[in-house]
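Take a look at the structure below.
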Amino acid sequence: MAKSNLRLCVLASGSKGNSIYIESAGARVLIDAGLSGKELLARLDSIAVDPDTLDAIIITHDHRDHTSGAGVMARRYRLPIYTGYGTIKASEQLWGKVEEIQEIQAGALFSINDLEFYPFSTPHDAAEPMAFIFRAGDKKGGIATDLGFVTRLVRESLKSCDLLVLESNHDEQMLMDGPYPWHLKQRVKSRMGHLSNVECAGLLDDINHDGLKGVVLAHLSEVNNDPQVAFQSVTKNMKTKLPPEVGLSLSWQNRAGKMLSAQV
Ligand SMILES: [Zn+2]
Ligand SMILES: [Zn+2]
């Protein structure tokens, strides 16, 4: 039997734009497309992926940092957009005319070629926010950013993944001492906002296991966090140890991160 594999690369991450490329033997998908079409093409080019080989775009929620380039990419490369009804309604004006939009529902599996997706709801101040796990053969990946806190559903869904992309949005002290106005600080901290580095460490402890192959810290705030701070804070606050060969990897706003593979 052919060995299954799953590869994943965070093309951009942060409040100015998010997109994650995932790939199996039979499918190539973008999860979120929150950069300009031009910038998305540059990021794909930087990891040597031809945009003509993409199969679909999946959107997690309607915030602009996840949606802004989806319409343009869908039109230019004839890609279907998969997302929830609330996200479609909130984004259709921004996207303009798109040939194919597939409505998906939290809790209902769907497939794109050999990639099977399971969307699940997240607590976040958007119309219909979702996170995803996905499988190709015996490999499993999970992506969860833009969530105010870790629900039991989020924690259970993300167990036993080979590859993970988890939100590590802010350092709580930097947020409180930083320049954001009070209402924005409250929004970020709230149960409908974003996960802190310490909360990310707690989540990672709960879902850590021997089969883990790679973890990316994502959606880092440029104002209330710093890659080194996030890395150290997550490492220091974890009570469990990641498998020895698993390095925590970082993601960036202005360039693509490392390509991770679920095959050893
Ligand atoms: Zn976001
Ligand atoms: Zn958001």
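Please treat every number below as a calculation from the coordinates, not as lab data. The shown structure was predicted, so the numbers you read here are calculated from the model rather than taken from an experiment. As a convention, Cβ positions derive from the backbone with ideal geometry for all residues, glycine included, and neighbour counts pool all protein chains shown.
Between the beta carbons of Met259 and Leu153, assuming R0 = 30 Å, the FRET efficiency works out to 0.55 to the nearest 0.05.
As a calculated quantity, the FRET efficiency between Ile47 and Lys239 at R0 = 41 Å, using C-beta atoms, amounts to about 0.75. Note on the stretch 7-250: antiparallel DSSP beta bridges, both residues inside, total approximately 50 percent of the bridges counted.
Residue ranges 116-125, 55-64 sort as 55-64, 116-125 when ordered by packing (mean number of other C-beta atoms within 10 Å per residue, highest first).
Measuring between their Cα centroids, the stretch 26-96 and the stretch 177-235 lie 25 Å from each other. Loop-located trypsin sites (Lys or Arg not before Pro) in the stretch 1-60 (DSSP state other than H, G, I, E, B) with a sparse environment of at most 12 neighbouring Cβ atoms within 10 Å: Lys3. With 24 Å as the limit on Cα-Cα distance, the pairs of Lys139/Lys236; Lys185/Lys239; Lys89/Lys139; Lys38/Lys140; Lys16/Lys38 that go past it are Lys139/Lys236; Lys185/Lys239; Lys89/Lys139; Lys38/Lys140. When each of the peptides 127-137, 177-187, 158-168 is scored by how many other beta carbons lie within 10 Å of its residues on average, the order from highest to lowest is 158-168, 127-137, 177-187.
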